[in-house]
Amino acid sequence: MKSNTINKKEIEKFSKIAEEWWNPEGKFKPLHKFNPIRISYIKENIINTFNLNHKNAPLKNIKILDIGCGGGLLSEPMCRLGAKVTAIDASKKNISVAKLHSKKNNLNINYLCTSPEKLKTKDKFDVILNMEIVEHVADVNYFLKTCSKLLKKNGIMFVATLNKTLKSYIFAIVGAEYILRWLPIGTHEWEKFLKPEELISIQKKNDLSVERVDGMKFNLLSDKWSVSNDKSVNYIAKFIKN
């Protein structure tokens with residue numbers, strides 16, 4: 001029985017560049033470009049699922065757990081939208097960067113240096129965000145199983161990751177890391193990418209049923225990301241807890 005999903009090598013990799021999290025022109029530039037589409041996708045889907053209609057704080061009182069939160073690039077916008085955010089990361093450096101940044105911005109986010117299996121909480125969450133994290137964990141089955149235990153009945157889990165295709169190898173690794181140098185070389189390991197059907201079958205075992213799977217596509221000309229039918233590289237899946 002695995003009791004740990006932390007991949008030490010991955011944690012070290014991201015800890016080394018933790019100071020860069022909030023620099024839109026730094027090592028996390030691709031994430032800064034990716035962020036607006038992630039935020040609007042998550043927000044719209046939460047509002048529609050829970051039939052929310054709060055004008056000023058669209059996600060008022062929604063309890064969100066942001067897993068592998070890094071420097072807080074998603075945690076902060078979710079908090080600004082009115083959600084009660086708990087955000088966890090296994091890297092101490094990431095958490096200290098995130099805490100500092102949210103303090104500067106007067107945002108009340110519960111940042112913890114931990115992993116899902118070690119999170120001590122009596123609370124269950126309305127929404128769990130697993131964004132660009134499953135391709136970095138040691139044991140994806142155990143990781144998702146642990147996450148699902150933290151989710152309320154009828155709660156939503158979002159999983160954004162990379163498809164295991166030849167195209168994803170060419171675009172996400174050869175293109176993004178070696179040619180365009182958008183990401184540090186070694187950021188991704190293709191073996192850890194997951195096909196949507198693999199992800200869906202893992203989630204089924206955890207009592208999570210898939211509601212939708214959408215592709216996310218980057219347009220080089222407009223320099224923007226958009227939701228797409230093309231799931232061959234990046235995709236995001238929305239699951240509901242049965």
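Which one is surrounded by the most Cβ atoms within 10 Å (Cβ to Cβ), of the residues in the range 73-90 that are touching an Asp or Glu at 6+ places or on another chain (Cβ under 8 Å) and of a type outside the set (A, V, I, L, M, F, W, C)? Spell out how you get there, then give the answer.
Pass one, the range 73-90, residues touching an Asp or Glu at 6+ places or on another chain (Cβ under 8 Å): 74-75, 78, 85-88.
Retained after the next criterion (residues that are of a type outside the set (A, V, I, L, M, F, W, C)): 75, 86.
Numbers: SER75: 28, THR86: 22.
Going through the qualifying residues, I end up with SER75.
What about TYR235, is it modelled with pLDDT of 95 or more, over 23 Å from ILE37 (Cβ atoms) and of a type in the set (Phe, Trp, Tyr)?
No, not satisfied.
Test each condition in (1) at pLDDT 95 or above; (2) under 23 Å from SER115 (Cα atoms); (3) in contact with an Asp or Glu (Cβ under 8 Å, 6 or more places away or on another chain); (4) not aliphatic (A, V, I, L, M) for LYS205 and report the one that comes out false.
Here LYS205 meets the rest and fails (3).
Could you run through the range 189-201 and say how many residues are under 16 Å from ASN130 (Cα atoms) and in contact with a strand residue (DSSP E or B) (Cβ under 9 Å, 6 or more places away or on another chain)? I'd like the intermediate steps shown before the answer.
Applying the first criterion (under 16 Å from ASN130 (Cα atoms)) to the range 189-201 yields 192-196, 198-200.
If we keep only those that are in contact with a strand residue (DSSP E or B) (Cβ under 9 Å, 6 or more places away or on another chain) as well, we get 192-194, 196, 199-200.
Residues flagged as under 16 Å from ASN130 (Cα atoms) and in contact with a strand residue (DSSP E or B) (Cβ under 9 Å, 6 or more places away or on another chain) within the range 189-201 amount to 6.
Could you say which residue among LYS55, LYS43, LYS63 is farther than 21 Å from PRO24 by Cα, free of Cβ contacts under 8 Å to residues at least 60 places away in the same chain and buried (at least 17 other Cβ atoms within 10 Å of the Cβ)? Don't jump to the end; show me each part of the working.
Working: LYS55 fails: buried (at least 17 other Cβ atoms within 10 Å of the Cβ); LYS63 fails: free of Cβ contacts under 8 Å to residues at least 60 places away in the same chain.
Just a single option satisfies the conditions, and that option is LYS43.
Is it the case that the range 27-34 has a residue that's within 15 Å of ILE236 (Cβ to Cβ) and modelled with pLDDT under 95? Step through it out loud before you land on a result.
Quick first cut of the range 27-34, residues within 15 Å of ILE236 (Cβ to Cβ) only: 31, 34.
Restricting the remaining residues to those that are modelled with pLDDT under 95 gives 31, 34.
Looking through the range 27-34, at least one residue is within 15 Å of ILE236 (Cβ to Cβ) and modelled with pLDDT under 95.
May I ask you to list the residues in the range 42-59 that are over 25 Å from TRP22 (Cα atoms) and not β-branched (Val, Ile, Thr)? Outline the logic, then answer.
We begin by selecting, within the range 42-59, every residue over 25 Å from TRP22 (Cα atoms); these are 45-56.
Listed by number, the residues that qualify are ASN45, ASN48, PHE50, ASN51, LEU52, ASN53, HIS54, LYS55, ASN56.
Within the range 217-231, track down each residue that is at pLDDT below 95 and surrounded by 17 or more Cβ atoms within 10 Å (Cβ to Cβ).
In the first step, residues of the range 217-231 are kept if they are at pLDDT below 95; the result is 217-225.
LYS217, PHE218, TRP225 - these are the residues of the range 217-231 that are at pLDDT below 95 and surrounded by 17 or more Cβ atoms within 10 Å (Cβ to Cβ).
Just checking, which of ASN110, ASN141 is more than 21 Å from PHE239 (Cβ to Cβ) and either in contact with a Lys or Arg (Cβ under 9 Å, 6 or more places away or on another chain) or buried (at least 23 other Cβ atoms within 10 Å of the Cβ) (or both)?
Values: ASN141 fails: more than 21 Å from PHE239 (Cβ to Cβ).
The conditions single out ASN110.
Before we move on, is SER40 under 26 Å from LYS224 (Cα atoms), of a type in the set (S, T, N, Q), modelled with pLDDT of 95 or more and in contact with a helix residue (DSSP H, G or I) (Cβ under 9 Å, 6 or more places away or on another chain)? Let's see the steps before the verdict.
Numbers: under 26 Å from LYS224 (Cα atoms): yes; of a type in the set (S, T, N, Q): yes; modelled with pLDDT of 95 or more: yes; in contact with a helix residue (DSSP H, G or I) (Cβ under 9 Å, 6 or more places away or on another chain): no.
In short, no.
The values are calculated or read from the model by the stated rules, or taken from the named source; none is laboratory data. Computed from a prediction, not measured in an experiment: that's the story for all the values here. All Cβ positions, glycine included, derive from the backbone under ideal geometry; neighbour counts span all protein chains shown.
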